[in-house]
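What follows is one structure encoded as structure tokens, with my remarks underneath.
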Amino acid sequence: MGDKPKRPLSAYMIWLSSAREQIKKDNPGIKVTEIAKKGGELWRAMKDKSEWEAKALQAKENYGEAVKDFEAGGGDMSANGGGKKRGKAAKKPAKKSKKAAESEDEDDDDESD
């Protein structure tokens with residue numbers, strides 16, 4: 001059985017992957033984090049994003065077909081969170097220190113008297 005299909009890229013991410021090299025050329029020595037910031041600025045300034053939105057729509061349609069094929073082949077989309085956004089894990093209760101645990105035990109002894 002194959003791996004679960006990966007979610008499709010957004011229009012911005014498709015554009016950024018094609019524009020990344022040009023951003024590097026236009027800004028020699030730019031840091032990776034700065035590339036993302038510069039890309040965000042350029043993306044927001046773009047007037048016509050239809051080319052990238054069409055590519056994103058096509059990627060989304062291909063993803064939908066891949067999911068159907070995956071499920072038809074016996075794949076389970078609910079495994080590993082299946083399409084749900086990842087959230088922070090629930091906090092575990094804090095462990096009590098030995099000293100706190102011992103003092104509680106002593107308190108329990110007092111109650112039984």
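Take segment 1-59 and flag every residue that is acidic (Asp, Glu) and in contact (Cβ under 8 Å) with a residue 24 or more places away in the chain.
Within segment 1-59, 53 is the sole residue that qualifies.
Look through segment 1-31, keep the residues that are closer than 21 Å to residue 71 by Cα and over 20 Å from the mean Cα position of the chain (by Cα), and return whichever of them is most open to solvent (accessible area, probe 1.4 Å).
Step by step, filter segment 1-31, then rank; the result is 1.
Evaluate segment 42-64: report whether one residue or more is at positive phi and not hydrophobic (A, V, I, L, M, F, W, C).
Checked against the condition, which is being at positive phi and not hydrophobic (A, V, I, L, M, F, W, C), segment 42-64 yields no hits at all.
Would you say residue 62 is within 21 Å of residue 8 (Cα to Cα), modelled with pLDDT under 75, under 27 Å from the mean Cα position of the chain (by Cα) and assigned to a helix (DSSP H, G or I)?
no
The values are calculated or read from the model by the stated rules, or taken from the named source; none is laboratory data. Just so it is clear, the structure is predicted and the values come from calculations on it, not from any experiment. Here the Cβ is made from the backbone with ideal geometry for all residues, glycine too, and neighbour counts use every protein chain on show. Accessible surface is based on the protein model in full, side chains and every heavy atom, while ligands, DNA and RNA are left aside. Shrake-Rupley method; radii C 1.70, N 1.55, O 1.52, S 1.80 Å.
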